[in-house]
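Please read the structure below before turning to the comments.
None of the figures in this text is laboratory data; all of them are computed from the coordinates on show. Keep in mind that what you see is a predicted model, and the values were worked out from it rather than measured. When we count neighbours, we look across all protein chains shown, and the Cβ atoms used for this are built from the backbone with ideal geometry, even at glycine.
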Amino acid sequence: MTSGEQTCDYVYASDIVEVLIKAASTPAAVEVINLGRGRECQIRKLADERVKLTRSWIKIKVGAMAKRVGETKHFYCSAQMAVKILDWNANISLDEGLKQP
C-alpha cells in the first residue's frame, strides 16, 4: 500500500441502496446529491482494522507503493442535500459495517 494517509468517506452498501430507492421515488430529487457520512477515514486505519477483525496473518506493507499520480489525498462529502431533500442519513457506522459478514 502507499503511505495510507489518504482519507475517504465510506458508506455501507445497504445505506446506499436505501437512499437510492428514496431518490428514485422522490420527485424533488433532481439536484446533485452527495451520499456520504461527512467523516473521513484514513485508508491505513481501515486496512489495519480489517486485518484485525478478520484475524488475518497478512502484514500490510505501508509505504511499499508510491502515491499514484493524481490521487486525491482527502475525499469526503457533505450529505446536507440528502438530509434536506430525502430526509436521509447513513445509519451504519464504519465500525459496524466492517464487522458485517
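Return the label of the correct value of mean projected area of the Cα convex hull in nm², as calculated from the structure shown, out of (1) 6.6; (2) 7.5; (3) 8.3.
(2)
Kindly provide the helix-only [θ] at 222 nm of the chain, computed as the sum of -39,500 (n - 2.57) over DSSP H runs of four or more divided by all residues, to the nearest 500 deg cm²/dmol?
Per the formula, -10500 deg cm²/dmol.
Using a simple charge model, +1 on the beta-carbon of Lys and Arg, -1 on the beta-carbon of Asp and Glu, nothing else, what dipole does the stretch 7-99 show about its Cα centre, in debye to the nearest 20?
640 debye
Taking the Cα atoms only, what angle lies between the long axis of helix 13-24 and the longest principal axis of the chain, rounded to 10 degrees?
Approximately 20 degrees, to the nearest 10.
How far is helix 43-54 tilted off the main Cα axis of the chain, in degrees rounded to 10, range 0 to 90?
That helix lies at roughly 80 degrees to the long axis.
Under 14 Å between C-alpha atoms is the cut-off here; go through the chain and count lysine pairs that meet it, provided they're at least eight residues apart or on different chains.
4
What full-extension length gain, to one decimal in nm, is calculated for residue 24 and residue 84 as 0.36 nm per residue of separation minus the Cα-Cα distance?
So the extension gain works out to 20.1 nm.
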